[in-house]
Amino acid sequence: MRGRVLVDSNILVDVFEDDPHWADWSIDQLEKLSSDNNLIINPIIYCEVSIAFDRIEDFENAIEEADFRMENIPKEALFLAGKVFLDYRRKSKSTKRSALPDFFIGAHAAVAGIPLLTRDTKRYRTYFPKLSLICPTKN
């Protein structure tokens, strides 16, 4: 049975926008992981990455070519995302809502019990300490 790995938005942006620093690392990770795992995205990741494309057809083709699978975020993960986001806002005394997508993504991986491929680890390590992260070693 194949495993599953949730792929964070930053990885896909690296690839689709050919980031000069991170594209090679991200492509290498996707290639390694895709041999034994289904690569998963969710609606939040879809939305964040879609801004790199002018047309939905082009984005859909890129996702299909790369064989990413869309999964909905379970209700339990949505609830958890709200709770950890509230904790984050209390600790940081922030009124910003820009971090919320990270909490949806982290909660999805945590509730599903699957690793998350990402470059941005700080919030995930802080608010989802049991979450398995696949990330650069210097992160």
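Rounded to the nearest 10 degrees, the inclination of helix 56-66 to the longest alpha-carbon principal axis of the chain is 80 degrees. Packing order of peptides 52-58, 116-122, 22-28, highest average first: 116-122, 22-28, 52-58 (average count of other Cβ atoms within 10 Å over each peptide's residues).
The angle separating the long axis of helix 100-112 from the principal Cα axis of greatest extent in the chain is about 80 degrees. Computed from the C-beta positions of Arg2 and Lys83 and an R0 of 35 Å, the FRET efficiency is 0.70 to the nearest 0.05. Where only DSSP H runs of four or more residues are counted, the chain gives -16500 deg cm²/dmol as its mean residue ellipticity at 222 nm, each run worth -39500 (n - 2.57). Residues Cys47, Cys135, ranked from the fewest to the most other C-beta atoms within 10 Å, line up as Cys47, Cys135.
Between Ala52 and Thr126, the modelled labels are 2.6 nm apart [label points 7 Å from Cα along Cα→Cβ]. For a paramagnetic label modelled on Leu100 (point 7 Å from Cα along Cα→Cβ), amide N atoms under 20 Å away belong, within region 44-72, to 44-51, 72. Which pairs, out of Lys32/Lys122; Lys91/Lys122; Lys75/Lys122, put more than 20 Å between their alpha-carbon atoms? Result: Lys32/Lys122; Lys75/Lys122 exceed 20 Å. Computed over the chain, the Cα gyration tensor eigenvalues convert (square root of 5λ each) into semi-axes of 24, 17, 16 Å, ordered from largest to smallest.
Readers should treat all values here as calculations from the given coordinates under stated rules, not as data from a laboratory. Keep in mind it's a predicted model, so treat the numbers as computed, not measured. Heads up, the Cβs are rebuilt from the backbone with ideal geometry, glycines too, and the neighbour counts pull from every protein chain shown.
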